[in-house]
1. What ranking, highest mean first, results for peptides 27-36, 203-212, 523-532, 497-506 when packing means the other Cβ atoms within 10 Å averaged over each residue?
2. List every residue whose amide H lies under 5 Å from the amide H of Ala170, counting only residues 5 or more places away in sequence or on a different chain, with H placed 1.01 Å from N in the peptide plane.
3. With N set to the number of residues, divide the alpha-carbon radius of gyration of the range 384-458 by 2.2 N^0.38 Å and report two decimals.
4. Give the average over all directions of the projected area of the C-alpha convex hull of the range 19-69, one decimal, in nm².
5. Between Val263 and Leu92, take the C-beta separation as r, use R0 = 51 Å, and let me know the FRET efficiency to the nearest 0.05.
6. Would you mind getting me the FRET efficiency between Val207 and Asn2? Use the beta-carbon distance for r and R0 = 35 Å, nearest 0.05.
7. May I ask you to derive the relative contact order of the range 1-98, considering only C-alpha pairs under 8 Å and at least 6 residues apart, and to give it as an integer percent?
8. With all pairs of different alpha carbon atoms counted, what Kirkwood hydrodynamic radius in Å does the range 390-432 show?
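Just so it is clear, none of the values below were taken in a lab; they were calculated from the coordinates. Owing to the predicted nature of the structure, the values given are computational and were not obtained by experimental measurement. Cβ: placed from backbone, ideal geometry, glycine included. Neighbour counts: every protein chain shown.
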Amino acid sequence: MNDDYKASKEAFVSGMTGSSIGHINMVSLASLISIALHSALRTRLPPNRPMKFLGEVVLLVFPLILSVTVFANSPGLLCLVLLVPTLLLLLLPRRESGTYLPSALTHSRTSSRDSNATRDSSLPGLLAIPPLPALTTYRSHMLLLTFICILAVDFPVFPRSLAKCESYGASMMDLGVGSFVFSQGIVSAIPLVKNPAYLTQPLLPKVGLVLRKCSPVLLLGLLRTISVKGTEYPEHVTEYGVHWNFFITLALIPVLQVFLHPVMVHVPISFLGVVVALSHQLALSFGGMQSFVLDAPRVGLISANKEGIISLTGKYRSRYLAVHLLGVSTGTLVLAPTPSYFRRRQQQLAHPDTAPRRPRTPSSDSDSDDDTLAPAPSPRPALEQRRENDKTATELCSYAVLWWIILGLLKLFGIGGGISRRLVNLQYIIWVAAYNTTFLLGYLVLDLLFFPSPLSKSVYSPTSKLKVYPDPDVLKATRHMRGRDAAPGGSAPALLEAINKNGLVLFLLANVATGLINLSMQTMYMSDWSAMLILSLYGLGISAVAWSCRNRRLWRF
């Protein structure tokens with residue numbers, strides 16, 4: 001690559017100061033409205049005419065490309081363009097999808113007692129976690145935006161205000177890094193929700209297991225470093241350092257999380273995440289870490305990679321670990337049958353000598369019967385339980401409001417000096433948590449609105465006002481029904497399901513494709529129309545690979 005062009009390219013993506021949080025939220029709102037449009041169309045199409053591949057790309061991928069390019073400076077206009085056909089579709093009657101009989105949800109005192117007893121005996125075993133369409137949509141859209149932005153940033157059609165900031169500032173690409181870690185934290189909660197006793201298992205075997213799972217990502221990080229240096233590919237050194245990259249950070253954070261498992265037994269994970277964030281902010285403000293990251297010369301291996309190393313260690317604390325822990329906390333809310341499920345199990349682990357509560361009967365006046373059950377003498381395979389998404393949405397809303405209020409207070413009092421991805425300071429961590437919690441809530445609310453099902457909501461008896469449970473046989477009978485209208489687990493749009501299934505492979509493919517495109521043409525001098533054509537073909541190609549592999553996982557680790 002020409003040295004002059006390389007220097008110009010590095011300058012093209014350096015020295016940015018970012019945009020505003022409100023602007024980034026408006027740009028991101030297009031993704032929510034595109035899902036609303038897709039859902040409105042899906043609920044009104046005849047059942048024998050499912051959405052085709054090109055339709056999914058037009059509705060789910062192209063709006064994201066437009067939101068960060070042509071409409072990036074006027075996101076409200078794009079939202080309006082997507083909202084109008086959505087509202088028009090809502091005027092049409094939705095197709096009939098069948099109705100559950102009352103007997104499926106309301107059963108006798110005897111059957112309720114039997115159902116409760118079945119749940120009692122199964123809870124200590126592994127909990128079956130059905131798919132959560134809102135989480136699949138959230139993760140897939142986050143991946144799609146990442147794929148698009150890592151290439152689009154190299155073209156002038158991508159506003160410089162959305163590119164990564166040099167030191168301080170809020171931008172879409174700054175948010176993408178934290179969102180990736182937050183999303184990784186959510187799925188890292190799966191073993192904890194399945195079996196909370198996993199927290200108390202021996203530490204070294206768990207560390208070895210996590211290292212084996214993360215080793216492919218670590219290998220990708222090392223290969224990326226070698227390939228970038230070998231091809232003299234333009235890079236922004238202040239992102240992670242000279243040799244470090246995001247793959248290495250992603251690979252090592254789950255290992256650090258395992259070392260905190262003994263603490264997680266006794267402390268709420270969200271509180272632990274805030275403590276790690278606060279301790280890191282103290283180290284930045286009073287421990288000299290901030291001046292080291294921003295001002296120290298790159299004279300050795302450690303100082304050459306100070307951003308990446310400090311982001312991982314941070315004076316024996318991980319900056320991105322705080323974001324990861326807040327993601328894990330969110331995962332324990334959205335993946336469990338009820339938001340309080342994991343907290344109850346956590347309390348049982350912290351106080352094993354406490355006398356177990358007697359299993360509640362249907363005459364109990366608590367709405368958390370399924371969260372106050374006594375442990376069984378021996379673990380058994382768990383029965384698939386209904387996920388109460390309405391309760392989950394309520395608690396997610398509470399957390400979203402809390403994070404936004406905290407962020408407002410931090411900005412009001414100037415704590416941390418502003419949002420900084422490079423420092424991963426307290427404002428940045430709370431911003432990432434607020435944004436991701438809010439948009440995950442948005443996808444969950446859309447699911448509840450467009451695909452309502454009594455099997456995904458808390459149901460109470462109109463006479464006794466007590467919670468009633470669906471018959472376990474109903475859950476078994478509907479498990480094979482993959483349509484969102486029928487099954488408690490449901491499914492996200494087919495294209496987003498495919499992207500989520502092979503997210504890591506597609507992320508690697510997107511990085512390779514971005515590198516090849518940049519090596520084959522001078523992207524920073526391309527016209528807007530040429531850039532849009534390339535980005536559209538690029539998005540179509542990534543989507544086609546995902547679609548063709550939608551029925552199999554390409555890489556298991």
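1. Per-residue mean Cβ counts within 10 Å order the peptides as 27-36, 497-506, 523-532, 203-212.
2. Excluding prolines and chain starts, which carry no amide H, the hits are Ser19.
3. Values: Rg = 15.8 Å, N = 75, 2.2 N^0.38 = 11.3 Å.
Rg over 2.2 N^0.38 Å, computed on Cα atoms: 1.39.
4. 3.7
5. Numbers: r = 53 Å, r/R0 = 1.04.
So the FRET efficiency works out to roughly 0.45.
6. Efficiency computed from Cβ-Cβ geometry: 0.15.
7. Working: 60 pairs, mean separation 37.5, N = 98.
Dividing the mean separation by the residue count of the range 1-98 yields 38 percent.
8. Values: mean 1/r = 0.0910 Å⁻¹.
Value: 11.0 Å, from the Cα pair sum.
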